[in-house]
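The following block contains the structure, expressed as structure tokens.
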Amino acid sequence: LLLLFLICGPILAVAQSLPQTEIWVAELGSDGLPGAPVRITDTAGYHNQPHFSDDSRYIFFSAEANESQTDIWVYDLKDRHRQVVNDSPYSDYSPTPVPGQSAISVVRVEADSRQRLWRIDLQGEQEQLLLENIEPVGYHAWLSDELLALFILGETFDLHLVRLGQNESFKAFENIGRTLRVNRRTGALYFVDKNMDPWKIAALDPGTQTVSPVMQLFPRVEDFELDSQGQLWSGVGSKLYVSDNNFERWVLAADLAEFGIDGITRLSASPNGRWIAIVGSR
């Protein structure tokens, strides 16, 4: 279980478990394919979990501050400048814009190793614990301004739903992957169902609690992205793939080896459909 935590979750027993990763961003052309990517991080260490702001101008990400701690940073696509968002003594992960607010939510590894969900105000940097009694949280996604989907660590990694102000969450599905994406057109939550081999992307209807299969993933791949047009993206090695319109097969979008990108894992597409952020090995 500890090994799974080190591979899949943000909880870290030792600093050496943080992978050496970088973040690139590529502009999508009129054909929907990525152009030459630009690296937005350039130091050794962990740079991961990119997430675009709602206006598509900024990319929030988690970065290694020292051997035992990570901070949240932001990259300005217009000014091509990055800066730290918060400077706390704790490790913060999974920066995600809070709907309708100038704030982000993060998974924080607290001093006693508890992993809970916090809110950080982007203006005054005020911090607020969002879900006091629900832990350990690994990842999360906002389904609305008050409904959250959570990846909860336990004997299995499970999908939970909770509303702000509630003291308990509802287990909606067992044995999931770390990626949680919301289809803004339908409200469905996309996640990885690991109860079969190969793993599959599935969709949860938050209203009816029904789960439907969407698309098969590459073997042992659990990272994907859902863009504003409803297409799915995933990466294997240096190759970036996009789904066909019927979610029946993956189509090669680009081989990024010539740009020094390999070991692609997490992806993030901008809400305006213009950009895609790519995490690869350093």
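The values are calculated or read from the model by the stated rules, or taken from the named source; none is laboratory data. No experiment lies behind these values; they were computed from the predicted model shown. Here Cβ is always computed from backbone atoms with ideal geometry, including for glycine, and neighbour counts include all displayed protein chains. Accessible surface areas use protein heavy atoms only, side chains included; no ligands, DNA or RNA. Shrake-Rupley method; radii C 1.70, N 1.55, O 1.52, S 1.80 Å.
Can you tell me which of (1) part of a strand (DSSP E or B); (2) under 25 Å from A269 (Cβ atoms) is the one D79 doesn't meet?
Of everything listed in (1) part of a strand (DSSP E or B); (2) under 25 Å from A269 (Cβ atoms), D79 misses just condition (1).
Follow-up. Report, by residue number, each residue of segment 193-238 that is aromatic (F, W, Y) and open to solvent by 10 Å² or more (accessible area, probe 1.4 Å).
Answer for segment 193-238, where residues must be aromatic (F, W, Y) and open to solvent by 10 Å² or more (accessible area, probe 1.4 Å): W199, F218.
Residue-wise test of (1) closer than 18 Å to F173 by Cβ; (2) open to solvent by less than 70 Å² (accessible area, probe 1.4 Å); (3) over 16 Å from the mean Cα position of the chain (by Cα).
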site	(1), (2), (3)
L117	no, yes, no
G124	no, yes, yes
Q128	no, no, yes
L131	no, yes, yes
I134	yes, yes, yes
G138	yes, yes, no
A141	yes, yes, no
D145	no, no, yes
A149	yes, yes, no
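Still on this structure: Consider segment 265-278. How many of its residues are closer than 22 Å to D31 by Cα and either under 16 Å from the mean Cα position of the chain (by Cα) or buried (at least 19 other Cβ atoms within 10 Å of the Cβ) (or both)?
Residues that pass the stated criteria total 9.
When you go through H51, H81 one by one, which is the residue that is open to solvent by 50 Å² or more (accessible area, probe 1.4 Å) and closer than 16 Å to H140 by Cα? Spell out the reasoning first.
Details: H81 fails: closer than 16 Å to H140 by Cα.
Going through H51, H81 in turn, the sole match is H51.
Is it the case that N167 is of a type outside the set (A, V, I, L, M, F, W, C), in contact (Cβ under 8 Å) with a residue 12 or more places away in the chain and loosely packed, with under 14 Cβ neighbours inside 10 Å?
Details: of a type outside the set (A, V, I, L, M, F, W, C): yes; in contact (Cβ under 8 Å) with a residue 12 or more places away in the chain: yes; loosely packed, with under 14 Cβ neighbours inside 10 Å: yes.
The answer is yes for N167.
Consider only pairs whose beta carbons are under 6 Å apart and that are at least six residues apart or on different chains; among these, list those whose first residue lies in segment 24-38 and is outside any strand (DSSP E or B) and whose second residue is hydrophobic (A, V, I, L, M, F, W, C) and open to solvent by less than 40 Å² (accessible area, probe 1.4 Å).
Listed pairs, sorted by first residue: L33/A253; G35/A26; P37/W24; P37/A26.
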